[in-house]
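Let me begin by presenting the structure, written as structure tokens, before commenting on it.
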């Protein structure tokens, strides 16, 4: 049900400085203008950018005869968590261990530890 007396709200991302120009965030994020849901446009990598600061503007569609459009902004901070995307590396090409044939596997299930 839509309220005919309530102005519709439109959401947009704006640069932090409020200049209205491109901030580069459009490459990483988008906002649905009707719902305000923020989604990513591409995979985020913490090694490249740890924190994104998004400024969301909500603008109503008020009529000029009723006082015009009104808007407000809020800041959304996105902190990117690190994913271990490095392959394991070993210092030696080959490791050799000797295991006694009568080892008790219940008491000692680890035969070697590589650090």
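The values are calculated or read from the model by the stated rules, or taken from the named source; none is laboratory data. Predicted model only: the values in this text are computed from it and were never measured. Cβ: placed from backbone, ideal geometry, glycine included. Neighbour counts: every protein chain shown.
Using beta carbons and a limit of 6 Å, which pairs, at least six apart or on different chains, have the first residue in region 77-93 and without any contact (Cβ under 8 Å) to a residue 40 or more places away in the chain and at positive phi and the second one part of a loop (DSSP other than H, G, I, E, B) and surrounded by 10 or more Cβ atoms within 10 Å (Cβ to Cβ)?
none
Looking at (1) farther than 30 Å from residue 14 by Cβ; (2) more than 36 Å from the chain's Cα centre (by Cα), which is the only condition residue 88 fails?
(2)
Condition check ((1) part of a loop (DSSP other than H, G, I, E, B); (2) in contact with a strand residue (DSSP E or B) (Cβ under 8 Å, 6 or more places away or on another chain); (3) at pLDDT 95 or above; (4) surrounded by 12 or more Cβ atoms within 10 Å (Cβ to Cβ)) across all residues:
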| position | (1), (2), (3), (4) |
| --- | --- |
| 4 | yes, no, no, no |
| 34 | yes, yes, no, no |
| 48 | yes, no, no, no |
| 52 | no, yes, no, yes |
| 92 | yes, no, no, no |
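Can residue 59 be described as part of a strand (DSSP E or B), modelled with pLDDT of 90 or more and surrounded by 10 or more Cβ atoms within 10 Å (Cβ to Cβ)?
On the way: part of a strand (DSSP E or B): yes; modelled with pLDDT of 90 or more: yes; surrounded by 10 or more Cβ atoms within 10 Å (Cβ to Cβ): yes.
It is true that residue 59 is part of a strand (DSSP E or B), modelled with pLDDT of 90 or more and surrounded by 10 or more Cβ atoms within 10 Å (Cβ to Cβ).
Among the residues of region 67-90, which ones are outside any loop (DSSP other than H, G, I, E, B) and either touching a helix residue (DSSP H, G or I) at 6+ places or on another chain (Cβ under 6 Å) or surrounded by 10 or more Cβ atoms within 10 Å (Cβ to Cβ) (or both)?
Keep residues of region 67-90 that are outside any loop (DSSP other than H, G, I, E, B), which gives 71-79.
Matches in region 67-90: 71, 72, 73, 76, 78.
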